[in-house]
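Working notes, structure below.
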Amino acid sequence: MILKKVFNPFAVARYMKMELALSVLLSLAVYYLYHARHLEQVTLPFSIAAILGSALAIFLAFRNNNSYGRWWEARTIWGGIINSSRIFARQIIANADNAVQTGKATASQVEEYKREMIHRQIAFAHALRLQLRQQTDCRQFAHLLSADEYSQATQHNNVANYLLLQQGKRIKEGMRAEMLGAFDNISLEPTLAAFNNFQGSCERIKNTPLLRQYHFFTRLFLLVFMIVLPFSLISDFNRMGLPGLMVPVSVLISFVFGVMGKVGEVNEDPFENRITDLPMTALCNTIERDLKEMIGEAVPEKTMPEKGFLM
């Protein structure tokens with residue numbers, strides 16, 4: 001996620017290098033051919049570029065609005081994962097500690113149970129992050145699981161779902177061992193179900209792209225606009241006695257529309273591990289810090305932005 005408010009223009013130019021290169025080449029070609037009298041009579045009214053620009057702006061606005069909606073929905077989902085993780089940890093801690101007070105379990109048994117459940121919940125967040133980014137380095141949460149459970153988890157295609165299944169099983173086992181009350185499952189099960197819903201919502205965004213027709217026609221209209229624009233500007237600038245000014249103006253206008261298109265393009269996929277995407281690494285770090293603090297463990301260092309970017 002980008003946090004800095006001022007962008008390096010050269011970095012933006014590198015990000016838009018294909019669009020800029022095409023615009024520069026087209027503008028220079030039109031300028032040369034017009035003044036070499038090969039295309040002196042082949043000019044277009046500026047109204048044509050204006051109409052195409054208006055149509056392009058409509059597509060860009062629709063796409064950017066929907067792309068931002070997808071990005072913000074993803075952020076809302078992960079906010080729910082953070083909040084529900086805190087609720088789950090609080091429920092486990094309070095319910096298990098009650099077993100010590102009533103004499104149904106020893107303090108050491110309860111502490112081990114709380115640690116196991118909360119560590120597995122942290123592992124779920126890390127596993128979901130890795131799955132959404134299509135990364136396979138499960139060692140990032142190996143320290144949170146026992147060796148046997150880690151080995152079992154990594155053999156499954158959907159590790160996050162497997163960890164939630166284990167949470168459900170261990171809740172039932174905790175109830176049988178009386179470390180959890182007979183009715184504690186009534187409050188814990190909706191919290192677990194929320195995690196399944198959050199995971200499914202993330203997978204829906206990940207696996208369902210924005211309508212491809214908008215992607216295709218936006219790029220097509222942008223290309224047509226970039227081709228038409230120099231032909232619509234050259235005669236006007238020639239009458240002003242500044243024909244060479246057509247090239248930078250054409251490039252600038254194309255650059256503006258290109259940036260608008262690129263913003264929508266990168267925001268529609270918030271789980272691709274790019275600088276514009278959701279900072280899931282930092283969000284998982286928040287979950288791990290908060291939940292470990294709740295059981296009195298040493299917390300890892302907070303993930304901080306680097307050069308204005310938070311991953």
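More than 22 Å from the chain's Cα centre (by Cα), among the β-branched types (Val, Ile, Thr) and either assigned by TED's automatic domain parsing to the domain that holds HIS126 or farther than 22 Å from CYS202 by Cα (or both) - does that describe any residue in segment 72-83? Talk me through it step by step, then tell me what you get.
Taking segment 72-83 first, the residues more than 22 Å from the chain's Cα centre (by Cα) are none.
No, every residue in segment 72-83 fails to be more than 22 Å from the chain's Cα centre (by Cα), among the β-branched types (Val, Ile, Thr) and either assigned by TED's automatic domain parsing to the domain that holds HIS126 or farther than 22 Å from CYS202 by Cα (or both).
Can we say PHE221 is within 26 Å of ILE58 (Cα to Cα) and part of a helix (DSSP H, G or I)? Talk me through it step by step, then tell me what you get.
On the way: within 26 Å of ILE58 (Cα to Cα): yes; part of a helix (DSSP H, G or I): yes.
For PHE221, the condition - within 26 Å of ILE58 (Cα to Cα) and part of a helix (DSSP H, G or I) - is met.
Of the residues ILE87, ILE81, which single one is surrounded by 20 or more Cβ atoms within 10 Å (Cβ to Cβ) and either among the hydroxyl-bearing types (Ser, Thr, Tyr) or in a helix (DSSP H, G or I) (or both)? Quick ask: steps written out before the conclusion?
Details: ILE87 fails: surrounded by 20 or more Cβ atoms within 10 Å (Cβ to Cβ).
Exactly one of ILE87, ILE81 is surrounded by 20 or more Cβ atoms within 10 Å (Cβ to Cβ) and either among the hydroxyl-bearing types (Ser, Thr, Tyr) or in a helix (DSSP H, G or I) (or both), namely ILE81.
Output the number of residues of segment 49-64 satisfying the condition of being among the β-branched types (Val, Ile, Thr) and farther than 20 Å from VAL249 by Cβ. Before you say what the answer is, go through the steps one by one.
In the first step, residues of segment 49-64 are kept if they are among the β-branched types (Val, Ile, Thr); the result is 51, 58.
So of that shortlist, the ones also farther than 20 Å from VAL249 by Cβ come out as 58.
So the count comes out to 1.
Conditions tested, residue by residue: (1) under 22 Å from ALA13 (Cβ atoms); (2) crowded, with 17+ Cβ neighbours inside 10 Å.
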site: THR208; (1), (2): no, no
site: GLN213; (1), (2): no, no
site: THR218; (1), (2): yes, yes
site: PRO270; (1), (2): no, yes
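So, in segment 272-301, of the ones that are hydroxyl-bearing (Ser, Thr, Tyr) and part of a helix (DSSP H, G or I), which residue ends up surrounded by the fewest Cβ atoms within 10 Å (Cβ to Cβ)?
Our first condition is that a residue be hydroxyl-bearing (Ser, Thr, Tyr); within segment 272-301, this holds for 276, 281, 286.
Of the ones still in play, those that are also part of a helix (DSSP H, G or I) are 281, 286.
Details: THR281: 16, THR286: 18.
Per the criteria, the residue is THR281.
Which residue is farthest from GLY103 (Cα to Cα), if the candidates are limited to segment 157-188 and must be part of a loop (DSSP other than H, G, I, E, B) and modelled with pLDDT under 95?
Ranking the candidates gives ASN157 first.
Checking the conditions here, which among PHE221, PHE231, PHE195 is aromatic (Phe, Trp, Tyr) and within 24 Å of the chain's Cα centre (by Cα)?
Values: PHE221 fails: within 24 Å of the chain's Cα centre (by Cα); PHE231 fails: within 24 Å of the chain's Cα centre (by Cα).
PHE195 is the lone residue from the list that is aromatic (Phe, Trp, Tyr) and within 24 Å of the chain's Cα centre (by Cα).
Name every residue in segment 160-187 that is crowded, with 19+ Cβ neighbours inside 10 Å and farther than 30 Å from THR136 by Cα, in order of residue number.
GLY174, MET179, LEU180, ASP184
Scan GLY200, GLY261 and give me the residue that is small (Gly, Ala, Ser), in a helix (DSSP H, G or I) and within 25 Å of ILE58 (Cβ to Cβ).
On the way: GLY200 fails: within 25 Å of ILE58 (Cβ to Cβ).
After ruling out the rest, the residue left standing is GLY261.
May I ask you to say which residue of SER47, SER27 is polar (S, T, N, Q) and either under 29 Å from THR303 (Cα atoms) or surrounded by 11 or more Cβ atoms within 10 Å (Cβ to Cβ) (or both)?
On the way: SER47 fails: either under 29 Å from THR303 (Cα atoms) or surrounded by 11 or more Cβ atoms within 10 Å (Cβ to Cβ) (or both).
Criteria check complete, one pass: SER27.
What residue, of LEU132, LEU128, LEU144, is crowded, with 19+ Cβ neighbours inside 10 Å and either farther than 17 Å from PHE271 by Cβ or outside the structural domain of ALA194 (by TED's automatic domain parsing) (or both)?
On the way: LEU132 fails: either farther than 17 Å from PHE271 by Cβ or outside the structural domain of ALA194 (by TED's automatic domain parsing) (or both); LEU128 fails: either farther than 17 Å from PHE271 by Cβ or outside the structural domain of ALA194 (by TED's automatic domain parsing) (or both).
One residue alone meets the criteria, LEU144.
Out of the residues in segment 1-20 meeting the condition of being part of a helix (DSSP H, G or I), surrounded by 11 or more Cβ atoms within 10 Å (Cβ to Cβ) and at pLDDT 75 or above, tell me which one is nearest to the chain's Cα centre (by Cα). Explain how you work it out, then say what you get.
First, pick out the residues of segment 1-20 that are part of a helix (DSSP H, G or I): 9-15, 17-20.
When the remaining residues are screened for being surrounded by 11 or more Cβ atoms within 10 Å (Cβ to Cβ), the result is 12-13, 15, 19-20.
Among the residues that remain, those that are also at pLDDT 75 or above are: 15, 19-20.
Numbers: TYR15: 18, GLU19: 24, LEU20: 26 Å.
Here the answer is TYR15.
Here's a check for you: in segment 229-263, which residue that is of a type in the set (Phe, Trp, Tyr) and in contact (Cβ under 8 Å) with a residue 60 or more places away in the chain is nearest to ARG14 (Cα to Cα)? First the steps, then the outcome.
Start the filter on segment 229-263 by keeping residues that are of a type in the set (Phe, Trp, Tyr), which leaves 231, 237, 255, 257.
Pick out the ones that are also in contact (Cβ under 8 Å) with a residue 60 or more places away in the chain and you get 231, 255, 257.
Working: PHE231: 26, PHE255: 12, PHE257: 16 Å.
Here the residue is PHE255.
Among the numbered criteria (1) crowded, with 21+ Cβ neighbours inside 10 Å; (2) hydrophobic (A, V, I, L, M, F, W, C); (3) at pLDDT 90 or above, which one does ALA99 miss?
With (1) crowded, with 21+ Cβ neighbours inside 10 Å; (2) hydrophobic (A, V, I, L, M, F, W, C); (3) at pLDDT 90 or above applied to ALA99, the lone miss is (3).
I'd like to check something: does segment 108-122 contain any residue that is assigned to a helix (DSSP H, G or I) and loosely packed, with under 15 Cβ neighbours inside 10 Å?
Within segment 108-122, one or more residues are assigned to a helix (DSSP H, G or I) and loosely packed, with under 15 Cβ neighbours inside 10 Å.
The values are calculated or read from the model by the stated rules, or taken from the named source; none is laboratory data. As the structure is a computational prediction, the values presented were derived from the model and not from experiment. So basically every Cβ, Gly included, is an ideal-geometry build from the backbone, and we count neighbours across all protein chains shown.
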